[in-house]
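What follows is a single structure, written as structure tokens, with notes after it.
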Amino acid sequence: MTSLFRRSLAVTMLTTMLAACGTVPMQKTYVLGDPPLSTTGVSSEANRPVIELKTVSVPDYLDSTDILRRTGPNQVTASPTGRWGERLSLGLTDALASALSRRLPNLVVTTMPSTEPARRVFVDIERIDVDGAGQCLMTARWRISGKDGHGTVASEHGTFDQAAASIDDPALASAMTRLVDQLAEQVAATIAAK
């Protein structure tokens, strides 16, 4: 009887463990920004001014691959079903560089260090919040350097908001991409004015 009881208990535990494994959702990976255009070919960057976008800075607690939502006044929680494909600072930098390139076609926008850029762009994200209803809010400061890549010719501050279509990860990634586009629009306007 003891042997039969042990076997029965082992089968029950194994069944319970397998059932629990089947209910854990698989985590998906998301990136910021629009997909690259499917054009092929080579274009010359010769004689075009270079804009060097420095790595976007974000608060330390956000600079991870976790998709974070605000769940209380002093609490954020990572999504159990999704994550960013890279640290948030790098994803924001790549998405912003791409969005700036589309808005400034006569300039070369790069995230690579440049010895003689026409301008350097520094972006500090002060706050990114996603609430339980899917409302996304971003506050940022940006600074544009002088013609030699040093000094400051412009400094701006902005707050951007975007409502996600739902509170799931794909909708939040899409809303965050639209926030980056709003920021890019303002940064491009600042560059063009200087």
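Where a number appears in this text, it was derived from the coordinates with a stated rule and is not lab data. As the structure is a prediction and not an experimental result, all values here were calculated from the model. So basically every Cβ, Gly included, is an ideal-geometry build from the backbone, and we count neighbours across all protein chains shown.
Checking the cross-link filter: which lysines have an alpha carbon closer than 28 Å to that of Lys194, excluding same-chain neighbours under 8 positions apart?
List returned: Lys54, Lys147.
Using +1 at the C-beta of Lys and Arg and -1 at the C-beta of Asp and Glu, which of Leu100, Ile167, Ile128 has the Cα lying farthest in the positive direction of the dipole of the range 46-193?
Leu100
Above 26 angstrom, tally the Cα pairs of the range 46-193 and express them as a % of all pairs, no decimals.
Numbers: 2834 of 10878 pairs.
Of the Cα pairs, 26 percent sit more than 26 Å apart.
Loop-only trypsin sites (Lys or Arg not before Pro) in the range 81-168, please: DSSP not H, G, I, E or B, and at most 14 other Cβ atoms within 10 Å. All intermediate terms of the calculation are to be shown ahead of the outcome.
Working: sites: Arg83, Arg87, Arg102, Arg103, Arg119, Arg120, Arg127, Arg141, Arg143, Lys147; in loops: Arg87, Lys147.
The qualifying sites are Lys147.
Kindly write out, for the range 79-95 in residue order, the coupling ³J(HN,Hα) from the Karplus curve 6.51 cos²θ - 1.76 cosθ + 1.60 (θ = phi - 60°), rounded to whole Hz, with x marking Gly and Pro.
My calculation for the range 79-95 gives 5, x, 10, x, 8, 6, x, 8, 3, 4, 4, 6, x, 5, 4, 5, 5 Hz in order.
Suppose every K and R has +1 on its Cβ and every D and E has -1 on its Cβ; what is the size of the dipole of the range 79-194 about the Cα centre, in Debye to the nearest 20? Present the calculation step by step, with values, prior to reporting the outcome.
Details: 12 positive and 14 negative charges, 93 e Å.
The dipole magnitude comes to about 440 debye.
Any idea which of Tyr61, Gly82, Met176 is furthest toward the positive side of the dipole for the range 46-193, if Lys and Arg beta-carbons carry +1 and Asp and Glu beta-carbons -1?
Ranked along the dipole, the leading option is Met176.
What list of ³J(HN,Hα) values in whole Hz, one per residue of the range 48-57 in order, does the Karplus curve 6.51 cos²θ - 1.76 cosθ + 1.60 (θ = phi - 60°) give from phi, with Gly and Pro shown as x?
9, x, 9, 10, 9, 8, 6, 4, 5, 9
Amide H of Glu126: which non-local residues (sequence gap of 5 or more, or other chain) have their own amide H closer than 5 Å, using H built in the peptide plane?
The list, which skips near neighbours in sequence, is Thr139, Ala140, Arg141.
What is the calculated FRET efficiency for Met26 to Gln186, with r their C-beta to C-beta distance and R₀ = 45 Å, to the nearest 0.05? List each step's numbers first, then the result.
Details: r = 37 Å, r/R0 = 0.83.
Computed FRET efficiency for Met26 and Gln186: 0.75.
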